[in-house]
Each structure stands twice: as structure tokens, then as C-alpha cells.
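Everything on this sheet refers to the single structure shown next.
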Amino acid sequence: MMHFRHLTLAVVATLAIAPAAFAQDTTTDGSGKRFAVVGGYALAEPTSNPQIAGTRTNVDGDGAATLSASWYATDNIAIEAWGAADKFGNRVRTPNGKVASIDSQPYALSGQYHFGTSASTVRPFVGLGYFEANVDGEKAEPTGALAGQRIGVDTAKGAMATAGVDVNITPTWFARADVRYMQDTTGQPDVTVDGAKVGKAELNPVVLGVGVGARF
């Protein structure tokens, strides 16, 4: 949670300083450029804690590198493919301590609307799309309540909402900060222990990210 707060403060500081820093810059017009790629880093924090075998759990958040590629149909409308370049590691805890760990790797496709024009230095955007989060690496703690048992978690799927801002530095380069909310809307993933269903993995994470992008 502390890392999540630190990244939040970094994003807020960037958004507060950037408009003033680039207010006099008139060389950021990227009109005619239809593709963009962004490399960055994000922290995913679950907003729900699932109940497994009758016990309320707490699932820790984690950070990972991210990548995205966008195609701009117009200067304002874009289609974005986004995903984690690495896995988010999640520790599962109960009141009696850590009981398991899992890895998740989300990816998504969404439509976005970018406000302003290609010549705007600061361009907020919003988006809606669909995500899936592959889960693997499920492992019980050797000394926890699930020790020696085989854990399984299904893939999470559903809707994703995005809000963010691009700060154009040159016609090619820009900085980005965004937040994504992933809501499992297709039925919560089953959690199994030794093949038997014991609960649902309702995480619905908020993903806060920063990155650097290029248009071409």
C-alpha cells in the first residue's frame, strides 16, 4: 500500500508541474501521427478481498512493467492494446497470516477519446474496454492453512475503465499518467483447492501507471 501511495503522489506532482513547465512550448504538434507506443510501470491494488472457504482474505497489490500500442483513427479517437509486460505478484493473507501467493498478468483492448487537439500540450483522455487477467503460479504457503494443497484460480474477465493524461514534450515524445479500473463482469473466477471450489476471486483492481511514449 505504501508503494501505491508513493506512485499516486508522483502522478499528482507530474500533472501539477507539467502544464507550467511546458506552457511556453509551441513545438508539440503531433498532427498526422497515427500510432503511439508507451512503456511504463504500474501498481495494481485490489479493491475487493475474496472470501475463501468461509474465511475473509486480504490480497496484496504489486507493481509491474507495462506496454501499450495505440492506433489513432482521428486526432481524438484511438484504439489501445494494453498489457502488463511482467506479472503482478499477489500475496493472499488471512487473520492467521499468509496462506498463498498467485501471479496475475492482465491485458486489455479499449477505445479512447483524447480531448483537445494534436497541438495541445496537455491532453486528458478517457476510455472503455475489455480485459482479461491470466492467473498462474498459484502456490500454498508451506506452513499456512493451505499447506500441501493444490490451488487454482480461473482467468478474470470483464470491463475496464481508463482515465489519464498525456503531456506532449515534442511532436514525437510524451509523458503519460493513467488509472484503470478492472471490474469482473463475466462471473467471478472460481478458486479451487485440490480441485474443489472453495470461493470466488473477486479482486476488481485499480491500476495506477506512469510511462513515456512515442508517436510515429
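The values are calculated or read from the model by the stated rules, or taken from the named source; none is laboratory data. Predicted, not measured: the structure shown is a model, and the values here were computed from it. Cβ sites come from the backbone with ideal geometry, for glycine too, and all protein chains shown count toward neighbours.
Regarding G187, is this residue among the small types (G, A, S) and free of Cβ contacts under 8 Å to residues at least 60 places away in the same chain?
Yes: the conditions hold for G187.
Could you tell me whether R150 is of a type in the set (D, E, K, R) and closer than 16 Å to W82 by Cβ? Even if it seems obvious, please write down each step before you answer.
Working: of a type in the set (D, E, K, R): yes; closer than 16 Å to W82 by Cβ: no.
Answer is no for this residue.
Within segment 91-119, work out how many residues are assigned to a strand (DSSP E or B) and either under 21 Å from A159 (Cβ atoms) or among the β-branched types (V, I, T) (or both).
Within segment 91-119, residues that are assigned to a strand (DSSP E or B) and either under 21 Å from A159 (Cβ atoms) or among the β-branched types (V, I, T) (or both) number 15.
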Picking from F174, F88, which residue would you name as being surrounded by 15 or more Cβ atoms within 10 Å (Cβ to Cβ), farther than 26 Å from D75 by Cα and of a type in the set (F, W, Y)? F88
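When you scan segment 103-111, do you find a residue that is under 30 Å from P142 (Cβ atoms), more than 21 Å from the chain's Cα centre (by Cα) and either surrounded by 14 or more Cβ atoms within 10 Å (Cβ to Cβ) or among the hydrophobic types (A, V, I, L, M, F, W, C) (or both), even just one?
Scanning segment 103-111 turns up no residue that is under 30 Å from P142 (Cβ atoms), more than 21 Å from the chain's Cα centre (by Cα) and either surrounded by 14 or more Cβ atoms within 10 Å (Cβ to Cβ) or among the hydrophobic types (A, V, I, L, M, F, W, C) (or both).
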Any residue in segment 43-56 that's under 19 Å from S104 (Cβ atoms): show its pairings with residues that are surrounded by 14 or more Cβ atoms within 10 Å (Cβ to Cβ) and modelled with pLDDT under 80 at Cβ separation under 6 Å, as long as the two are six or more apart or on different chains. L43/F4; L43/L7; E45/F4
Expected single match for farther than 18 Å from W71 by Cα, surrounded by fewer than 15 Cβ atoms within 10 Å (Cβ to Cβ) and either touching a residue at least 60 places away in the same chain (Cβ under 8 Å) or not basic (K, R) (or both) among G152, G137, G199 is G137
For segment 93-109, what are the residues that are among the charged types (D, E, K, R) and touching a Phe, Trp or Tyr at 6+ places or on another chain (Cβ under 9 Å)? D103
Per-region count, segment 43-66, residues touching a helix residue (DSSP H, G or I) at 6+ places or on another chain (Cβ under 8 Å) and part of a strand (DSSP E or B): 3
Criterion first (free of Cβ contacts under 8 Å to residues at least 40 places away in the same chain, touching a Pro at 6+ places or on another chain (Cβ under 8 Å) and surrounded by fewer than 15 Cβ atoms within 10 Å (Cβ to Cβ)) does A163 satisfy it? yes
Is it the case that segment 16-29 has a residue that's modelled with pLDDT of 95 or more and either in a loop (DSSP other than H, G, I, E, B) or not charged (D, E, K, R) (or both)? no
Would you pick out the residues in segment 112-123 that are within 21 Å of A69 (Cβ to Cβ) and surrounded by 15 or more Cβ atoms within 10 Å (Cβ to Cβ)? Q112, H114, S118, R123
Among the residues in segment 120-139, are any part of a loop (DSSP other than H, G, I, E, B), modelled with pLDDT of 90 or more and either more than 19 Å from the chain's Cα centre (by Cα) or among the charged types (D, E, K, R) (or both)? yes
